[in-house]
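Student: Structure below; questions to follow.
The values are calculated or read from the model by the stated rules, or taken from the named source; none is laboratory data. This one's a predicted model, so the numbers in the text were calculated from it and none came from an experiment. Positions of Cβ are generated from backbone atoms using ideal geometry, with glycine treated the same way; all protein chains shown enter the neighbour counts. For accessibility, only protein heavy atoms count, side chains too; no ligands or nucleic acids. Shrake-Rupley method; radii C 1.70, N 1.55, O 1.52, S 1.80 Å.
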Amino acid sequence: MESYGAVTGADVPLATQEWPARQVPVAGVDLLVRDVPAAAELPPALYVHGLGGSSLNWTALGLLLNDTVRGIAPDLPGFGRTPLAGPAGISEQADVLVELLEGQFDQPAHVFGNSMGGAASVALAARRPDLVASLTLVSPALPHPRMSASALWFAALATPRLGPVVLQRTQRLPFDRRFQASLSMVFGDPLTLPPEVRANYEAELHRRDTDPWNMQATTDAAKSILRSSLTPPRRSLWADAASVKCPVLLVYGGRDRLVDARIRTKAQRTFPDARLLYLPKSGHVAQMEHPEQVAAAFRDLIA
């Protein structure tokens, strides 16, 4: 097998190396999909970002694993560079992922999901187990009885009439203030971020401000997360989790301000075949903050 380890470039930070992008018609919209450079004979992988994120959230991890899986990462409808084409909820995202996997791969894929993308990945695995070889869930947005202070902000976004007002007032704040608040909310310790990660995150936040669908996609997604937390247990994402039979890697950060890491015990107990990676210093996006540890844990999962 040809080695792709050198593709990353020894002197170039992983987070600055964007994967090649293409347009894929899925669910009535041209989905932007990025392909990590990897050998064609490797097993397939799918990387699913969270609310407000994009395919770029997986750059470093995908390149670290490009000798193990050949990954693709979409910008889900309403996020990144894919326009909104209807409701942007968890169930709708799972529908998109099903269609994408059916069209792109002829065998089950290793699925990685972060935050809301983790919730959509759980719904995907429960709905179509034939498409999923394993699940790696980074701070998945599973229903939690206790909402964090930051999560309450998303609940406000989901409230009719209040949500648009909150977003409009937030948009009026100086960009630097919003950027610092976003860093503190998402990352465990923003001061330790590599300069290229910080710069890319800032550029993506700037670009998101120009998306005409940003407000609608954000409120739709927030409503979907709130609805999932109110769903009766027998029809909830926890019921989906209990039905997942493939191997699962759960990744939680001790400094996550959006998903309370204490839920990790329930998650590990609920998935029939689950391993846990707990990173005390990580925030909500461990695949960006600690990609090496996540990559190592995934290799152990499939070994």
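Student: Using modelled backbone amide H atoms (1.01 Å from N, in-plane), which distant-in-sequence or interchain residues come within less than 5 Å of Ala45's amide H?
Tutor: Arg70, Gly71, Ile72, His110
Student: State the extension gain, in nm to one decimal, for the chain segment bounded by Ala296 and Asp176, taking 0.36 nm per residue of separation less the distance between their alpha-carbons.
Tutor: 39.7 nm
Student: Expressed in nm to one decimal, what extension gain is obtained for the pair Arg198 and Leu276 from 0.36 nm per residue of sequence separation less their Cα-Cα distance?
Tutor: 25.3 nm
Student: Simple spin-label model, 7 Å along Cα-to-Cβ: Leu205 to Asp35 in nm?
Tutor: The two pseudo-label positions are separated by 3.3 nm.
Student: What length, rounded to one decimal in nm, is gained on full extension from Leu230 through to Ala303, with 0.36 nm per residue of separation minus their alpha-carbon distance?
Tutor: Extending this stretch completely gives an extra 22.6 nm.
Student: When ranked by the protection proxy of mean other Cβ atoms within 10 Å per residue, highest first, what sequence do the peptides 287-294, 269-276 form?
Tutor: In decreasing order of mean packing, 287-294, 269-276 become 287-294, 269-276.
Student: Averaged per residue, what accessible area in Å² does the chain show with a 1.4 Å probe, protein chains only?
Tutor: Ligands and nucleic acids excluded, the figure is 44 Å² per residue.
Student: Can you tell me how region 244-303 classifies by the Cα gyration tensor, rounded, prolate or oblate, using a/c under 1.5 as the rounded cut?
Tutor: In terms of gyration-tensor shape, oblate.
Student: Scan [x] 0.92; [y] 1.05; [z] 1.21 for the value of Cα Rg over 2.2 N^0.38 Å calculated from this model and give just the label.
Tutor: [x]
Student: List the trypsin sites (Lys or Arg not before Pro) within region 163-253 that DSSP assigns to loop and that have no more than 10 neighbouring Cβ atoms inside 10 Å.
Tutor: none
Student: Count the net charge of all other residues whose Cβ sits under 15 Å from the Cβ of Gly253, scoring Lys and Arg as +1 and Asp and Glu as -1.
Tutor: It works out to a net charge of 0.
Student: Moving on. If you roll a 1.4 Å probe over the chain with all protein chains in place, what percent of the accessible area is carbon or sulfur?
Tutor: 54
Student: Summing Lys, Arg as +1 and Asp, Glu as -1, what charge do residues with Cβ under 11 Å from the Cβ of Asp30 carry, Asp30 excluded?
Tutor: Every neighbour counted, the sum reads +1.
Student: Got a sec? What order do Tyr278, Tyr201 fall in by accessible area at 1.4 Å, biggest, i.e. largest, first?
Tutor: Ranked from most to least accessible, the order is Tyr278, Tyr201.
Student: Return the single residue from Ala60, Ala267, Ala85 with maximal mean-square fluctuation; model: Gaussian network over the chain, springs between Cα atoms under 10 Å.
Tutor: Largest GNM mean-square fluctuation: Ala85.
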